[in-house]
Amino acid sequence: MWGGRFAEGPAAVMAEINASIPFDKRLWRQDIRGSIAHAEMLGKTGIIDRPDADRITAGLKQIEAEYAAEGVPVNLALEDIHMTIEARLTEIIGPVAGRLHTARSRNDQVATAFRLWTRDAVTEVLGAVSELQQALIARAEEHTDTILPGFTHLQVAQPISLGHHLLAYYEMFSRDVSRLHQCNQRNDECPLGSAALAGTGFANDRDMTAKALGFDRPTSNSMDSVSDRDFALDYLMAASQIALHLSRLAEEIIIWASQPFGFVKLSDAWSTGSSIMPQKRNPDAAELVRGHAGRITGCLNALMMMMKGLPLAYSKDMQNDKPPVFEAHDLLGLCLTAMTGMVESMTFNPEKMRAAADSGFSTATDLADWLVREAGIPFREAHHITGAAVKLCEERSCGLADLTAKDIIAIDERVAGYDLPDLSVEGSVASRTSYGGTAPEQVRQQIMLIKQTNRL
Ligand code: ARG
């Protein structure tokens, strides 16, 4: 394709280091779409003759059918998907195939194909995130009144509703959805027609190709067009953040499934056994989601490091943009599907959760708040009195809900004359009615609002 000025062929390893076809063959559909749009534009503007454009388009459609049926042939000598397709086009329609590359370069060609691929990838991920969100909502709705301990420092802090806990993840994934939409909003410009870096002297119609490929407009600067990979970085950043959220949820599932917790039992479909310990049921899927999150973030780092030192415009380093994006995309797809499956099918153990919530004097804040609200005691003193009440419970090996008014009055007589609050975990959860709080009625309202505003 480019050997005109060369007397010798490349060294064997040169062909190997140079070739991207083993991985960029994945862009074949997008490359053919871009080429058809380009050929149509060349024919329409008269840059090439209409019949030639028609033959090119027909040949490309034939290649599309061939690849769909048989896959993409890999020949390292053809370097990349762009040359592979052009070589096949030449076999099918003869030398007229050579007119397709008029007024373009592989630099704008690959940027266009990769942008198209990334847009499709983002749309795919949006669907998968939405399925996970629906699973979270369904489980939250089932468990608005199920109580588990809320933790800070992984120490029992205050009792909360399981539905509330699950909705926290729904919120994280909502922000991810908005980030994904932003990826495609920014990736709405078409670089095709920028040629190698400087634009072209042919009277091309870049608006036409941009529209034909579903972009809002052509890119504004030919140098930026061929050297920009922000769209890929945007996607990897969004993917990394999704992976990070998935990893936190995975970590909780792993902890919850551990026997001392026993909050949750994973379904058979999402567990594995041990080859030596017959009793084992391991949360491998959750562990791999946690592990894959690191790899996905590694992909983001790889592309950032690849781009950071490149002068304008295109450099061959940029061919390495695709493996990390493809890898991150594939891993993310697995993680989202596995997480949705786990969330849908895991069985919660409300008794274990409630018992854990009832440990560690988790309603102590309720007592302190009550001392402030009812007895008018300053919070710092209320904190102190409650500490004494906790100490008393420890001595008696009982819970806060077991103390009587007399017990509290013995600690501080200002409490005399007031009825003690409900210090059960149910009473505590039900009392947290502030907007966005954990009271089941609030959780139900949040679910209703999510459904109403169609944030699913
Ligand atoms: N395979 C190359 C890539 O993916 C295509 C662009 C080649 N351009 C060039 N000037 N050699 O980046």
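The values are calculated or read from the model by the stated rules, or taken from the named source; none is laboratory data. Please read all numbers here as calculations on a predicted model, not as lab measurements. Note that each Cβ is placed from the backbone with ideal geometry, even for glycine, and that neighbours are counted across all protein chains shown. These accessible areas exclude ligands, DNA and RNA; they are computed on the full protein's heavy atoms, side chains included. Shrake-Rupley method; radii C 1.70, N 1.55, O 1.52, S 1.80 Å.
The table below gives the values:
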item: Failed criterion for residue 269 (all others in (1) in contact with a Gly (Cβ under 7 Å, 6 or more places away or on another chain); (2) not in a helix (DSSP H, G or I) hold); result: (2)
item: Qualifying position, being more than 16 Å from the ligand (Cβ to nearest atom) and either surrounded by 16 or more Cβ atoms within 10 Å (Cβ to Cβ) or not hydrophobic (A, V, I, L, M, F, W, C) (or both), among 323, 283; result: 283
item: Members of segment 325-363 that are free of Cβ contacts under 8 Å to residues at least 24 places away in the same chain and of a type in the set (Lys, Arg); result: none
item: Every residue from segment 379-419 that is part of a loop (DSSP other than H, G, I, E, B), closer than 29 Å to residue 146 by Cα and open to solvent by 50 Å² or more (accessible area, probe 1.4 Å); result: 397, 404, 419
item: So residue 185, is it open to solvent by 40 Å² or more (accessible area, probe 1.4 Å) and without any contact (Cβ under 8 Å) to a residue 60 or more places away in the chain; result: yes
item: Matching option when the condition is open to solvent by 80 Å² or more (accessible area, probe 1.4 Å), away from the ligand (no atom under 16 Å from the Cβ) and either modelled with pLDDT of 95 or more or not basic (Lys, Arg) (or both), among 70, 64; result: 70
item: Helices (runs of 4 or more DSSP H) wholly inside segment 1-110 that include at least 3 residues being closer than 26 Å to residue 218 by Cβ, more than 36 Å from the chain's Cα centre (by Cα) and not aromatic (Phe, Trp, Tyr); result: 28-45, 50-70
item: Pairs with Cβ under 9 Å, 6+ apart, first in segment 301-324 and free of Cβ contacts under 8 Å to residues at least 60 places away in the same chain and within 23 Å of residue 31 (Cβ to Cβ), second away from the ligand (no atom under 13 Å from the Cβ) and not in a helix (DSSP H, G or I); result: 317/309
item: Condition check for residue 34: farther than 24 Å from residue 193 by Cα, open to solvent by less than 70 Å² (accessible area, probe 1.4 Å) and not aromatic (Phe, Trp, Tyr); result: no
item: Search result, residues across segment 341-369 that are under 16 Å from residue 426 (Cα atoms) and open to solvent by less than 10 Å² (accessible area, probe 1.4 Å); result: 353, 357, 362, 363, 367
item: Candidates 106, 115, 88, filtered to the one that is in contact (Cβ under 8 Å) with a residue 12 or more places away in the chain, away from the ligand (no atom under 16 Å from the Cβ) and either touching an Asp or Glu at 6+ places or on another chain (Cβ under 9 Å) or of a type in the set (Val, Ile, Thr) (or both); result: 88
item: Residues within segment 394-410 that are more than 46 Å from the chain's Cα centre (by Cα) and on the phi < 0 side of the Ramachandran plot, tallied; result: 11
item: Pairs, first crowded, with 21+ Cβ neighbours inside 10 Å in segment 207-225, second at pLDDT below 95, C-beta under 9 Å, six or more apart; result: none
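Each row is one residue, and each column tells you yes or no for (1) open to solvent by 20 Å² or more (accessible area, probe 1.4 Å); (2) at pLDDT 95 or above; (3) charged (D, E, K, R).
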site	(1), (2), (3)
234	yes, yes, yes
246	no, yes, no
250	no, yes, no
254	yes, yes, no
261	yes, yes, no
264	no, yes, no
279	yes, no, no
291	yes, yes, no
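Table: residues versus (1) touching an Asp or Glu at 6+ places or on another chain (Cβ under 9 Å); (2) under 30 Å from residue 230 (Cα atoms); (3) at pLDDT below 95.
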site	(1), (2), (3)
322	yes, yes, no
334	no, yes, no
346	no, no, no
353	no, no, no
